[in-house]
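Student: Would you mind keeping the following structure in view while I ask a few things?
The values are calculated or read from the model by the stated rules, or taken from the named source; none is laboratory data. Bear in mind the structure is a predicted one, so any value in this text is a computation, not a measurement. Neighbour counts are summed over all protein chains in view; Cβ atoms, including those assigned to glycine, are modelled from backbone coordinates with ideal geometry. Accessible surface areas use protein heavy atoms only, side chains included; no ligands, DNA or RNA. Shrake-Rupley method; radii C 1.70, N 1.55, O 1.52, S 1.80 Å.
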Amino acid sequence: MHVIKRFGWEIPAARITPEPVVLRRRAILAGSAAVGTVALGTFRSLPARAEEAPARNPAFDPGRAITEEKYATTYNNYYEYGESKNIWRAAQVLKQRPWTIEIGGMVSQPRTIAIDDLLKQVQLEERVYRHRCVEAWAMTVPWTGFQLSQLVKLADPLGSAKYVVFETAQDKTMTGLNAPFYPWPYIEGVTMDEAANELAFISTGMYGKPLPPQNGGPLRLTLPWKYGFKSAKAIAKVTFTDKRPTTFWEAIQPSEYGFWANVNPAVPHPRWSQAKERLLGDDEMVPTQLYNGYASFVSGLYTDRKGEKLFM
Ligand code: MTE
């Protein structure tokens, strides 16, 4: 008998009570010990005052209203902290400093870099992107961060590398790691071409503040033309390889979650339609767009891949 495991993300929206509390505080912007009980650590690359935040790049106008911060930061998928959407409180214990990123595989020189050293070497900016989860909910978020291509350049991969693989942290505070069903660690990956695309972004902040742990702090992948499960949170390791990785959700259910995961309203998930999406906040249902509305940026990446399952 084929048993389908119901994932936390399949809980009907009506059963989820959005938490009214916004926990982060302005004090964290000072990047000081004033952080209090919220273990966000310091974030020297984000300035002390909101008016000094990295400039918003106008090239990526999302064409829809920004989701209220309280919804984007309290309705999350983060299986390391559990299967429910309501993990934001539990995730506060993730310590974001010190934090290092291991860079290896097919690179000229493998190395481990501390996040604050990395942040000194990249150009931060703000981009407002749409985010479309495979579960058919969506949000629009002002992310702070840097283009993924800058990280690739710093890593100096060999010409023979074909994929960039992201492995996310396995911290002792992550109680979800004890769930035997899941193939930890959380792995995601993109092709070198996708990594070079100008849309591909590493987020280190949102709403002008350091990225909270529940949204993937201290750094996460942000690929707005793909379903949200590609946005690996809390990246600890970046590996360049010539072999396509088996990604986390692909390992769990390959018939439902593939490597490419490009958004396409015309290709239903085997168990639900992808034609529309529910906007976090007012729950309005709006039509989903091909490549989540970013076709002009990315459709050229896939012209030679017609035989592949690009949209699941
Ligand atoms: N990254 C890790 N490490 N663990 C996860 O469970 N969930 C993914 C993605 N990144 C996940 C992850 C899924 S399914 C989605 S939709 C997005 O994170 C959700 O991001 P958000 O909580 O910031 O909305």
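Student: So who's got an amide H within less than 5 Å of the one on H269, skipping anything under 5 residues away but keeping other chains? H placed 1.01 Å off N, in plane.
Tutor: Q274
Student: Same structure again: Could you work out the relative contact order of region 123-169, using alpha carbon pairs under 8 angstrom and six or more residues apart, expressed as a whole percent?
Tutor: On the way: 33 pairs, mean separation 14.4, N = 47.
It rounds to 31 percent for region 123-169.
Student: Excluding ligands and nucleic acids, what accessible area in Å² is computed for R130 using a 1.4 Å probe, to the nearest 10?
Tutor: 20
Student: Heavy atoms only, probe 1.4 Å: what % of the accessible area of region 156-260 goes to carbon and sulfur, would you let me know?
Tutor: Exposed carbon and sulfur together represent 50 percent of the surface.
Student: Starting from the Cα of S296, move 7 Å in the Cα-to-Cβ direction to define the label point; list residues of region 131-149 whose amide nitrogen is under 15 Å from there.
Tutor: Of the residues in region 131-149, none has backbone N under 15 Å from the label point off S296.
Student: Further, regarding this structure: Return the sequence-ordered ³J(HN,Hα) values of region 109-118 in whole Hz as given by the Karplus equation 6.51 cos²θ - 1.76 cosθ + 1.60 applied to θ = phi - 60°, using x for Gly and Pro.
Tutor: 8, x, 7, 10, 10, 6, 4, 5, 5, 4
Student: Kindly state, as a whole number, the per residue volume in cubic angstrom of the convex hull around the alpha carbon atoms of region 13-302.
Tutor: Numbers: hull volume 37.5 nm³, N = 290.
Taking the convex hull of the Cα positions in region 13-302, it is 129 Å³ per residue.
Student: Under the Karplus relation 6.51 cos²θ - 1.76 cosθ + 1.60, θ = phi - 60°, what is the ordered set of whole-Hz ³J(HN,Hα) values for region 185-194, x standing for Gly and Pro?
Tutor: For region 185-194, the Karplus curve yields x, 5, 10, 9, x, 9, 6, 4, 5, 5 Hz.
Student: Just check region 160-310 against the gyration tensor rule for me: Cα atoms, a ≥ b ≥ c as the square roots of the eigenvalues, rounded for a/c under 1.5, and otherwise prolate or oblate depending on whether a/b exceeds b/c.
Tutor: It is rounded, given that a/c, with a ≥ b ≥ c, falls under 1.5.
Student: Residue separation times 0.36 nm, minus the C-alpha to C-alpha distance between Q253 and E102: what's the value? Don't skip to the answer; put the middle values down first.
Tutor: Values: separation 151, 0.36 × 151 = 54.36 nm, distance 2.81 nm.
Fully extending the segment from Q253 to E102 adds 51.6 nm.
Student: Kindly report, to the nearest 10 Å², the accessible surface of V152 as traced by a 1.4 Å probe over protein heavy atoms only.
Tutor: 20
Student: Can you send over the solvent-accessible area of D242, 1.4 Å probe, protein chains only, in Å² to the nearest 10?
Tutor: 60
Student: Taking a probe of 1.4 Å, how large is the accessible area per residue of region 172-312, in Å²?
Tutor: Solvent-accessible surface per residue comes out at 37 Å².
Student: Oh, and also: Report relative contact order for region 102-232 in percent, whole number only (criteria: Cα-Cα under 8 Å, sequence separation at least 6).
Tutor: 26
Student: Now a separate question. With θ taken as phi - 60° and the coefficients 6.51, -1.76 and 1.60, list the Karplus ³J(HN,Hα) couplings across region 237-245 in order, rounded to whole Hz; mark glycine and proline as x.
Tutor: For region 237-245, the Karplus curve yields 8, 10, 10, 9, 8, 9, 10, 5, x Hz.
Student: Taking only C-alpha pairs under 8 Å that are 6+ residues apart, what is the relative contact order of region 13-302 in percent?
Tutor: It comes to 19 percent, rounded to a whole number.
Student: Take W184, W99 and sort them by solvent-accessible surface of the protein heavy atoms, 1.4 Å probe, largest at the top.
Tutor: Solvent-accessible surface, decreasing: W184, W99.
Student: Which number do you get for Rg(Cα) / (2.2 N^0.38 Å) in region 44-199?
Tutor: On the way: Rg = 17.2 Å, N = 156, 2.2 N^0.38 = 15.0 Å.
In units of the globular-protein estimate, region 44-199 measures up at 1.14.
Student: Which distance in nm do the two modelled labels at R244 and E284 give, with both placed 7 Å along the Cα-to-Cβ direction?
Tutor: Computed distance between label sites R244 and E284 equals 3.8 nm.
Student: Provide the gained length on full extension for the span D193 to A266, in nm with one decimal, where the gain is 0.36 nm per separating residue minus the Cα-Cα distance.
Tutor: So the extension gain works out to 23.8 nm.
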